[in-house]
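S.K.: This is the structure I want to talk about, given as structure tokens.
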Amino acid sequence: MAKGQSRTPGRDVRGGKGRGARPGASGGARAGRSFHGEKNRGPRGSAPRPAGRPQRPQRDRSDLIEGRRAVEEALSCGVPLRSALVQERSGERDQALECIAARLEEAGVTVERVPRSRLDALSSHGAHQGVVVRTRPFAYAELSDVISAAGDGDALVVVLDHVTDQGNFGAIVRTAEVVGAAGVVVAKARSASVGVGAYKTSAGAVMHIPIAQVPNLARAIEQLKQAGFWACAATEHAEQDVWHAPMGGRLALVMGSEGEGISRLVAEKCDFACRLPQRGRVESLNVAQATTVLCYEWLRRVEAAADPGTGADA
């Protein structure tokens, strides 16, 4: 995109070999699923089950890490921990467990000795191995923080449409941070959150780049467009490949979920779509690998535009 060119939302005027297929025109809308349960019927002739029986609410254990190896990985990755419960000493001392307790105390984590029964009550699968830690809530950014970090010039924002795997999520955040993206935007619901898996696969990048959680991705894309970004939907159904798509300038790169891709409502908010060309037989790259290729193509375009002597198309 030429410097100083104005942005008209919803219209692609940045060149390239055609705009390509409209992201939502390929029939790739996310299929809805019905989760209706079967009617709860007892044995024939039995009295009906009384209605309105109160259900005990399930505890939210999303902030708990259990098991010795998982806790050691959390310490190694720098996951912020709030407190730890360690099984009381009984009989012969467990040196491995004592070493973990010592590491936790050295890291400034409050360690409380508790009976095994308390750990059993907290454990989701009964394999706590004598230690459970509670993480500190991750400090998510606001979308306005990401836009502010982008400044006024060329910038990249990666938007994830319900990517659920923490490994993929962490790898994407790592790529975004390495290429100098302004931030990552994710949905609050049905999306991977910043947990131990994301800390590990991002190599700590989650602590160095703004990650915004938003209630509505389509609305977030509109806000990015109002801030001068062009929204690109990465989809294998696009007519235009990445080499001919206008991938430079201020770009909001939208990546779809692992199984269903980009939803129809989100795709309709994008200005253009692009795909990665391929010659092999495997259907496609996974979302983390594809994001890496596309992010580096954005970086190549931006650097080529800044140094026209390279001869690369911007």
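S.K.: Count, please, the residues in region 165-186 that happen to be among the small types (Gly, Ala, Ser), surrounded by fewer than 21 Cβ atoms within 10 Å (Cβ to Cβ) and farther than 15 Å from Asn286 by Cα.
M.R.: Residues of region 165-186 that are among the small types (Gly, Ala, Ser), as a first pass: 167, 170-171, 176, 180-183.
Filter once more, keeping what is surrounded by fewer than 21 Cβ atoms within 10 Å (Cβ to Cβ): 167, 180.
Next cut, farther than 15 Å from Asn286 by Cα only: 180.
Of the residues in region 165-186, 1 are among the small types (Gly, Ala, Ser), surrounded by fewer than 21 Cβ atoms within 10 Å (Cβ to Cβ) and farther than 15 Å from Asn286 by Cα.
Residues are listed down the side, and each one gets a yes or a no for (1) open to solvent by 20 Å² or more (accessible area, probe 1.4 Å); (2) in contact with a strand residue (DSSP E or B) (Cβ under 9 Å, 6 or more places away or on another chain); (3) in contact (Cβ under 8 Å) with a residue 24 or more places away in the chain:
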| residue | (1), (2), (3) |
| --- | --- |
| Ala245 | no, yes, yes |
| Arg264 | yes, no, yes |
| Ala305 | yes, no, yes |
| Pro308 | yes, no, no |
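S.K.: Pairs needed: first member in region 273-299, free of Cβ contacts under 8 Å to residues at least 60 places away in the same chain; second member anywhere, in a helix (DSSP H, G or I) and buried (at least 18 other Cβ atoms within 10 Å of the Cβ); C-beta distance under 8 Å; at least 6 residues apart or different chains.
M.R.: If the second residue must be in a helix (DSSP H, G or I) and buried (at least 18 other Cβ atoms within 10 Å of the Cβ), the pairs left are Leu276/Ala290; Leu276/Leu294; Ser284/Ala290.
S.K.: Also: Given the structure, is Tyr199 closer than 20 Å to Thr164 by Cβ and of a type in the set (Phe, Trp, Tyr)?
M.R.: yes
S.K.: I'm checking my understanding of the structure. Among residues of region 105-153 that are among the charged types (D, E, K, R) and part of a helix (DSSP H, G or I), which one is modelled with the highest pLDDT?
M.R.: Looking only at region 105-153, we keep the residues that are among the charged types (D, E, K, R), and these are 105-106, 112-113, 116, 118, 120, 134, 136, 142, 145, 152.
Adding the requirement that they be part of a helix (DSSP H, G or I) leaves 105-106, 116, 118, 120, 145.
Values: Glu105: 93, Glu106: 92, Arg116: 88, Arg118: 91, Asp120: 89, Asp145: 96.
Residue satisfying both the conditions and the ranking: Asp145.
S.K.: One residue is enough: does region 270-287 have a residue meeting the conditions in contact with a strand residue (DSSP E or B) (Cβ under 7 Å, 6 or more places away or on another chain), surrounded by 22 or more Cβ atoms within 10 Å (Cβ to Cβ) and under 13 Å from Val158 (Cβ atoms)?
M.R.: yes
S.K.: I'm checking my understanding of the structure. Among residues of region 190-205 that are closer than 20 Å to Ala252 by Cβ and of a type in the set (A, V, I, L, M, F, W, C), which one is farthest from the chain's Cα centre (by Cα)?
M.R.: Ala205
S.K.: Restricting the search to region 154-181, which residues are acidic (Asp, Glu), touching a helix residue (DSSP H, G or I) at 6+ places or on another chain (Cβ under 6 Å) and assigned to a loop (DSSP other than H, G, I, E, B)? Before you say what the answer is, go through the steps one by one.
M.R.: So in region 154-181, the residues acidic (Asp, Glu) come out as 154, 161, 165, 177.
Narrowing the set further to residues that are touching a helix residue (DSSP H, G or I) at 6+ places or on another chain (Cβ under 6 Å) leaves 154, 161, 177.
Matches in region 154-181: Asp154 only.
S.K.: Go through (1) over 24 Å from Gly170 (Cα atoms); (2) among the acidic types (Asp, Glu); (3) at pLDDT below 90 and name the single condition Glu66 misses.
M.R.: Checking Glu66 against (1) over 24 Å from Gly170 (Cα atoms); (2) among the acidic types (Asp, Glu); (3) at pLDDT below 90, the one that fails is (1).
The values are calculated or read from the model by the stated rules, or taken from the named source; none is laboratory data. Predicted model, so just to flag it, every value in this text is computed and none were measured. As a convention, Cβ positions derive from the backbone with ideal geometry for all residues, glycine included, and neighbour counts pool all protein chains shown. Please note that ligands, DNA and RNA were not included when accessible areas were found on the heavy atoms of the full protein model with its side chains. Shrake-Rupley method; radii C 1.70, N 1.55, O 1.52, S 1.80 Å.
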